[in-house]
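Asks: My structure is below; once you've seen it, I'll send some questions.
The values are calculated or read from the model by the stated rules, or taken from the named source; none is laboratory data. Being a predicted model, the structure only gives us computed values, none of them experimental. Neighbour counts run over all protein chains shown; Cβ positions are idealised from the backbone, glycine included. Remember, those area values only see protein heavy atoms, side chains included, never the ligands or the DNA or RNA. Shrake-Rupley method; radii C 1.70, N 1.55, O 1.52, S 1.80 Å.
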Amino acid sequence: MKIFGKIAHNWHIKLLSVALAGILWVYVNSMQGKERFLTIPVEVRNISENYILTSEPPEFVQLVLRGRDESLSLVNEGDLTAYIDLEMNSQGETRKIVKVERRGIPRGVSIKEIRPRLVDVQIEDAKKKMVKV
């Protein structure tokens with residue numbers, strides 16, 4: 001009985017405290033789970049002069065960013081660069097990962113998804129020939 005008396009003492013203040021804690025928890029959770037979609041161009045980097053790209057990679061990729069609403073609103077498309085790195089590749093068909101370079105992205109913003117993530121590219125020898133005209 002002594003324990004029940006301590007629990008029941010000022011029950012209305014305790015109930016109000018639990019209700020306010022629940023409301024605060026819902027508010028904070030709703031701020032953290034926002035997503036933003038961006039479409040950015042794709043660059044091809046580090047292709048040797050001895051090779052040419054014979055297939056066209058996609059011009060754009062779509063990024064899904066996740067973070068707080070305030071942080072997501074600070075992200076500009078120019079802060080992100082998508083690229084395909086072809087360094088140390090030989091000729092033939094290969095599948096490359098699309099990478100994203102982040103410059104000036106606020107803390108708490110992460111890249112949840114990149115669409116497409118993998119890209120097929122065809123690389124061939126670049127041949128030069130001198131022809132008399």
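Asks: Looking only at residues in region 31-44 that are open to solvent by 60 Å² or more (accessible area, probe 1.4 Å) and of a type outside the set (Val, Ile, Thr), which one is farthest from residue 108 (Cα to Cα)?
Replies: 43
Asks: Right, something else. Filter region 101-133 for residues that are more than 18 Å from residue 53 (Cα to Cα), open to solvent by less than 60 Å² (accessible area, probe 1.4 Å) and touching a residue at least 40 places away in the same chain (Cβ under 8 Å) and give the result.
Replies: Scanning region 101-133 gives 109, 110, 111, 114, 116.
Asks: So which of 90, 55, 71 is open to solvent by less than 60 Å² (accessible area, probe 1.4 Å), out of contact with any Phe, Trp or Tyr (no Cβ under 7 Å at 6 or more places or on another chain) and closer than 30 Å to residue 128 by Cα? Lay out the reasoning, then the answer.
Replies: Details: 90 fails: open to solvent by less than 60 Å² (accessible area, probe 1.4 Å); 71 fails: closer than 30 Å to residue 128 by Cα.
Being open to solvent by less than 60 Å² (accessible area, probe 1.4 Å), out of contact with any Phe, Trp or Tyr (no Cβ under 7 Å at 6 or more places or on another chain) and closer than 30 Å to residue 128 by Cα holds for just one of 90, 55, 71, which is 55.
Asks: Restricting attention to region 13-30, does a residue exist that is under 30 Å from residue 114 (Cβ atoms), open to solvent by 50 Å² or more (accessible area, probe 1.4 Å) and within 19 Å of the chain's Cα centre (by Cα)? Before the answer, list the steps.
Replies: Restricting attention to region 13-30, the residues satisfying the condition of being under 30 Å from residue 114 (Cβ atoms) are 28-30.
This time we only want the ones that are open to solvent by 50 Å² or more (accessible area, probe 1.4 Å), so: 28-30.
Okay, now just the ones that are also within 19 Å of the chain's Cα centre (by Cα), so none.
Within region 13-30, not a single residue is under 30 Å from residue 114 (Cβ atoms), open to solvent by 50 Å² or more (accessible area, probe 1.4 Å) and within 19 Å of the chain's Cα centre (by Cα).
Asks: Of the conditions (1) in a strand (DSSP E or B); (2) closer than 30 Å to residue 125 by Cβ; (3) not aliphatic (A, V, I, L, M), residue 37 fails just one. Which one is it?
Replies: (2)
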